[in-house]
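What follows is a set of notes on a single structure, which appears directly below.
The values are calculated or read from the model by the stated rules, or taken from the named source; none is laboratory data. Keep in mind that what you see is a predicted model, and the values were worked out from it rather than measured. Cβ: placed from backbone, ideal geometry, glycine included. Neighbour counts: every protein chain shown. Surface areas here come from the heavy atoms of the whole protein model, side chains and all, with no ligands, DNA or RNA. Shrake-Rupley method; radii C 1.70, N 1.55, O 1.52, S 1.80 Å.
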Amino acid sequence: MQKVVIIGAGPVGLLLAHYLLSRRNYQVEIYESRLDPRLAEQSSQRTFPIALQSRGLNAIEQIFGLKVALAKKGVWSQGVLIYPKQGKPRQINRKMPTLLIDRNQLSLVLLEHLLEQYSQELLTVKFDCPCVDINPETQEAILESKNGERFTAKYDRLVGADGVRSLVREVLSARADIQCQKNFIPDVYKSLHVPRIAPDKTVELAGNYVHTSTLGKGIRLVLAPQPDDWLHGTLIFPPDNNPLENCTTDEAVLAYFQDNIAFIKPVMRLEDAAMLRQQPVSKIMTVKCDRMHVGDRILLVGDAAHAVSPSIGQGCNASLQDVQVFAQCLDRYEDKWEEALPAFTVERLSDVHALRELSDYSFPRSKSMMLEFVFRLTVGKKLRPWFPLLTNPLPMELIMESELPYSEVLKRGQGWINRVRESIQN
Ligand SMILES: Cc1cc2nc3c(=O)[nH]c(=O)nc-3n(C[C@H](O)[C@H](O)[C@H](O)COP(=O)(O)OP(=O)(O)OC[C@H]3O[C@@H](n4cnc5c(N)ncnc54)[C@H](O)[C@@H]3O)c2cc1C
C-alpha cells in the first residue's frame, strides 16, 4: 500500500483521492488550509459559480454516483444570453450540456462522497491545517495544526493540488526543480449575487441560461443561475477602470446597475448592491509551469500547475481532466509512479499550455473584433451548414461544443488567436 499525501482539498485534490482510492492500493491523507466546509458557514467562504462541460464532467463520471450527486446541487444550462444595453438578448444555445455549480458545493459533494465510501484506515482529511513546507529529500510535508503547532507527514508520493498560490509549487520552484511563470491578467473582479425573480414576481430571468452583458471599456457582467433561484456571478473590469469606484453609497451602486444594465433592473435590490459594495476586488493570477511532476514522487495538478483566466470557463474542467489523464498513466504503467509521472507531463503539458494561449487570446478586446465575435457566434453559426468554409467555428465554440484536446482546438483556431494577439499588441 502506497501512502499519498495530497495538499489541498479543492475539486482536484478531492477527485484525485477518489481515483486513487478506487484503485485499492493507496492510502490517502489530505491536508487543507480552509475550514471544514461541513462545519463552516458557506457564505463566509470565498466562492463563485463554475461551469462544468464535457471535459470536466467526463472525469467526474468515472466515479460511480458522483455526477448524479453534483447535478442535485447545480443547474443544467442550455447556453448563454448576451444582453445589449437595452432590448432583447441574443441567445447562444450549446449542443453539449453544462452543469453550473458553486465551487464550494462542488468540493463539498466530492468530500461527502469520499467520506461515505472510505474508512479512516484508508483516508484522512484534515482541515484548517495548511502545509507550510515540504522536504523532498526526507519525503515529508510540514503542516501547521489549528493551535499553531507544526508536525510532519511522511509520504511515498506527494500531490500539490493547492491551487493557484500553491505552496508545493513555490518550494519546488525555489529549489529550481521546476520553472514557473506567474502573471496577473489585466482584469479584476467582484462577486455579485442577485435574485433571479423580481420581488413583485413580475419578471423572472431564465433559470437555464448564463446571463452576460458587455458594458464597454473592458467591463463585463456574468451571472449563472443556482438551484435556489439566485444568480451568482462576477463583475469583471480592468484594474484601472472600476465602474463602482465613485459609488460611495449602496444607492449609487444600485443606480449604476439600473442605468447601465437594463436586464438586471427588476431583480436587483438595495441589499444586493450593499453586498456587492462590501466585496473585495479580487486579482486573477495565471500560472504556467515547464512540467507537472518532480522526480519519482511529486505530482502537481490543477491550478497549482496551470491556472488560466476564468473568462474561458475551463480552469476547473482542465484540472479535473488532469486527474483522468493521470489515472490513465497509472493504468498504463501499473502504478509505477516513476514511469507514470514523466509520461503524464509529456502527455498533458502541450494541452495545458494550449489552454493558456486560448485563455489569453480567445476573447477580442477591440470593438470591431468584438462585433465580429458576436456575429460569428450567432448569425455565422446559423449560416454554417451552407457556407462551411466562410464560417469556421471560433476557438470558443470548439472549446464549448467539442471534446477536442486543447492543443487541437488551438491548431484549428490559430488564425483567430493570432489576430486577437496582434490587436492587443498594436
Ligand atoms: C471567478 C472565477 C470563476 C471561475 N469559473 C470557472 C468556470 O466557469 N469553469 C471552470 O472550469 N473553471 C472556472 N474557474 C477556475 C476554477 O475555479 C479553478 O480552475 C479550480 O477551482 C481549480 O481547482 P483546484 O482544486 O486546482 O484549486 P482550488 O479550487 O484553488 O483548490 C485548492 C485548495 O487548496 C487549498 N490550499 C491552498 N494552499 C494550501 C496549503 N498551503 N495547504 C493546504 N491547503 C492549501 C485551498 O484552500 C483550496 O481549497 C473560475 C475561477 C474564478 C476565480
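For region 189-240, the solvent-accessible area of protein heavy atoms averages 42 Å² per residue (probe radius 1.4 Å; ligands and nucleic acids excluded). Rounded to the nearest percent, how much of the accessible area of the chain (1.4 Å probe, protein heavy atoms only) is carbon and sulfur? Whole-percent figure for carbon plus sulfur exposure: 52. Each Lys and Arg contributes +1 and each Asp and Glu -1, all at the Cβ; summed about the Cα centre of the chain, the dipole is approximately 1520 debye. If I fit a long axis through the Cα atoms of helix 414-425 and take the longest principal axis of the Cα atoms of the chain, what angle between them do I get, 0 to 90°, rounded to 10? It is inclined by approximately 70 degrees. Between His293 and Leu300, the built amide H atoms are under 5 Å apart, and every one of these is 5 or more places off in sequence or on another chain. Within the same chain, aspartates and glutamates fewer than 8 places from Lys381 are excluded, and of the rest, those with a Cα less than 15 Å from its Cα are Glu372, Glu397, Glu401.
The convex hull of the Cα atoms of region 229-341, projected and averaged over all directions, covers 10.3 nm².
Against the empirical curve 2.2 N^0.38 Å, the C-alpha radius of gyration of the chain lands at a ratio of 1.00. Packing, as the average of other Cβ atoms within 10 Å across residues, places the peptides 404-411, 91-98, 317-324 in the order 317-324, 404-411, 91-98, highest first. The 3J(HN,Hα) values that the Karplus relation (6.51, -1.76, 1.60; θ = phi - 60°) gives for region 367-381 are, in residue order, 5, 5, 6, 5, 5, 4, 4, 5, 4, 5, 6, 10, 5, x, 5 Hz. Gly and Pro appear as x. For Val125, the residues whose amide H sits under 5 Å from its own are Ile30, ignoring neighbours fewer than 5 places away on the same chain, with H placed 1.01 Å from N.
Using a probe of 1.4 Å, the accessible surface attributed to Asp133 totals some 70 Å² when neighbouring protein chains are kept in position. Its Cα gyration tensor gives region 96-147 an equivalent ellipsoid. The semi-axes, each the square root of 5 times an eigenvalue, are 29, 16, 13 Å from largest down.
From a point 7 Å beyond the Cα of Phe184 in the direction of its Cβ, which residues of region 305-320 have a backbone N at a distance under 19 Å? Residues 307-311 fall inside that zone. Evaluating 6.51 cos²θ - 1.76 cosθ + 1.60 at θ = phi - 60° for every residue in region 3-14, the Karplus couplings come out as 9, 10, 9, 10, 9, x, 9, x, x, 6, x, 6 Hz, glycine and proline recorded as x. Within region 116-258, the proportion of C-alpha pairs whose separation exceeds 20 Å stands at 68%.
Note on region 77-211: lysine pairs with Cα distance below 28 Å, sequence gap of 8 or more or different chains, count 10. Our coupling estimate for region 244-250, obtained by passing each phi through the Karplus curve with A = 6.51, B = -1.76, C = 1.60 and θ = phi - 60°, is 9, 4, 8, 8, 8, 10, 5 Hz, Gly and Pro reported as x. Relative to its residue count, region 364-425 spans a Cα convex hull of 85 Å³ per residue. Of the residues Ser311, Ser368, Ser77, ranked by 1.4 Å probe accessible area with the largest first, the sequence reads Ser368, Ser311, Ser77.
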